[in-house]
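Working notes for the structure below.
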Amino acid sequence: MHIKLLAAIIGIFCLSAFSAKAQVEVDAWSRLNENGNREVLLEFNIKEGWHIFAPYEQEFGSPLQINWQLADNETLVEQSFSKPKVFDDNGFIYDGYENKFFYKTTIMTDNPDRTTKAIIDWQACAGDECLPQRKELIVQAADSAMFNQKINEAESSFVGGDIEEVNWLKIAGLAFIAGLLLNLMPCVLPVLGLKIMACLKATAANRLREAFFYTCGIVISMLILAGLLLLLRQTNPHLGWGFQMQSPWFVGIMLIIFILLTLMAFDLITLHGGWLSKLTNLHFQNCQVDALISGILAVLIASPCTAPFMGAVIGYAIVAPAHIYFPMFLSLGLGYALPFALLTVYPKAMQKIMPHPGKWMKTVKIILGIPLLLTCLWLGWLLCTQLGTKLNLRHSEWQEYSNAKVEQALQNNRPVFIDFTADWCITCLVNKKTSLYSDTMIDLVKANNILLLKADITKFNPEAAEGMKKYHRAAVPLYIYYDGKSDDYLTLPPILTPQILQEYLR
C-alpha cells in the first residue's frame, strides 16, 4: 500500500514536471550559406491551449527574448519571426503565438563549426495561469538536410524581415495615441495656461504659423531629450525617461524659469528689453517665438510623466536601434502637439465658450497663472527632497524596494505590490493621494497580507533602475503586483483608482 502511494506521488510529480517543460518545445537546425555564414532556424511548438507573447514590448505580458552568446568576432546579420497572432483576452489586446511558429537568423562567423548557445526566455499563458520560462539551447554544427526540410514551411510564415521592422509602425501608432493622452495627464496642468493663452491670442493671419512653431518646439525638444537619453545610456544603461528630473541642477533651473513665469503672470514684475524679457514674458512680441517656447516648456514639464501606452512604447523604443528609436519619440511628440495645434488653427470650439479677446484676458491670465504657482511650490519641494539624504517612506507600511525582498516574499507565498515612483512625477503623486494611500488600499493590504515596496527614483537609484529593466519599463509610474501564488506578475495601469486596485489586488 505504501509502495503504491509512493509510486503515485512520484508519478504525479513527474507528470507535473513533464507538463511544465512540454508547454513550449524548441528545436534548432543550421546550415552554411553561399557566403560561409551560418543560418539558424528555430521551431517553437506550443502545447494546445497555451500561448506566448510576441518578441517586442507591449502593454501586457513579457516578450519572447532570444539572446545569443556569440564570440567576439561573431555578429547577427538579421532576425525573422513568423507573423504573430492578435489575441483579445477580455478586452486586453496583444500579439503572440500559439501552436507553432519559426525564428530564423544568420550569424557571421569565422568558424562555422563552432557550437553556438542561445538563452531563450518567454512567458507561457493558458487562461489565468502564466509561467515565465527559460531554455538554454545549444546549436550544433551545420545540418543542411534537416534545415532544408523545414525552411520552406518556415519562410511561408515569416512577415518579410525583422519583426521589429514590420511592427514598428504599430508601435509608432501607439506612441501617437500616448502623445494625445499625455495632454490629459496632471503633469500638463502647469503649461495649460500657456497653451490656452497662445490659442486665444492667435490672429487669423498667424494661426497656421503658430501651430507649426508650437509643434516644432515639442518635436525638437522631444527628440533632443531622446538623443541625450540615448547618449547617456551608453555609459549608464539604467537611465530611463525623465532622467533629467533626477538632477538638482536641472530642477533648480526649471524652478527659476517658472518663478519668473509666475511673477509675470501675476504682473508682479515687468522686464523690459533683453533676452530675459523675451524668455519670461507670456506674450512675446514675436508670436512664432512665443509658440516655440510654449512647445519646449510643454515637453520639459511633462516629460517625467507617463500616459497610457507610453510605458510600453518607451520600453520598446529604448532597446530598439536608432532608426526605430527616434521615430517612436517623433510620433509621441506629434501626438502630444496635435490637440492644441488644431485648436490654434481651428479655434471655433474654444471661441464658443470664450468671449472675444479684451480686458478680461488679463484676469484669465492671472487665473491660469495658478498652476504655474503650484509648479513652483512642487519644484521647490522636489529640490529640497533631492538635496536630502534619506528616503522618506511617509507611511510605515511601505518598505524600501529590493529584489531580495521580492524573492523572499514570493518564497513565502506572500503577495507583493511594488510602486516605482519619483517625486518629480506628478501622476505618481496624484495616484498616491487618490488611491495608494486610500482606505481601499489599506483594507486590501490588511486582508491579503500584501508586502508594500516603494522603488523611488527621485534621485538615481541603481537597484530600482535594475528592477524597472526587469519589468521591461523605462518610465514611471510603474505598478507591479504578485499575487503570491506564482512568479507571474501583473502590470497595473499608470492611472490608478480605488476600483482598479480592487480589481487587481482582491
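So here's what we get for this one:
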quantity	calculated
Residue that is modelled with the highest pLDDT [pool: residues in the range 449-506 that are of a type in the set (Lys, Arg) and not in a helix (DSSP H, G or I)]	Lys454
Criterion violated by Leu501 - all others in (1) in contact with an Asp or Glu (Cβ under 7 Å, 6 or more places away or on another chain); (2) buried (at least 22 other Cβ atoms within 10 Å of the Cβ) satisfied	(1)
Residue that is surrounded by the most Cβ atoms within 10 Å (Cβ to Cβ) [pool: residues in the range 95-109 that are in contact with an Asp or Glu (Cβ under 8 Å, 6 or more places away or on another chain) and outside any strand (DSSP E or B)]	Thr109
Residue that is surrounded by the fewest Cβ atoms within 10 Å (Cβ to Cβ), among those in the range 61-73 that are touching an Asp or Glu at 6+ places or on another chain (Cβ under 8 Å) and at pLDDT below 80	Asn73
Residue among Thr375, Thr344, Thr385, Thr427 that alone is more than 26 Å from Pro308 (Cβ to Cβ) and either crowded, with 17+ Cβ neighbours inside 10 Å or modelled with pLDDT under 80 (or both)	Thr385
Residues located in the range 124-139, provided they are surrounded by fewer than 18 Cβ atoms within 10 Å (Cβ to Cβ) and in a strand (DSSP E or B)	Ala126, Glu129, Leu131, Pro132, Gln133, Arg134, Lys135, Glu136, Leu137, Ile138
Long-range neighbours under 6 Å by Cβ, at least six apart or interchain, first residue more than 17 Å from Glu503 (Cα to Cα) within the range 466-484, second aliphatic (A, V, I, L, M)	Gly467/Ala455; Tyr471/Ile480; Ala474/Ile314; Ala474/Ile318; Ala475/Ile314; Val476/Ala422
Flag for Pro477 being touching a Phe, Trp or Tyr at 6+ places or on another chain (Cβ under 8 Å) and not β-branched (Val, Ile, Thr)	yes
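The values are calculated or read from the model by the stated rules, or taken from the named source; none is laboratory data. Since the structure is predicted, the reported quantities are computational estimates derived from the model, not experimental observations. Cβ sites come from the backbone with ideal geometry, for glycine too, and all protein chains shown count toward neighbours.
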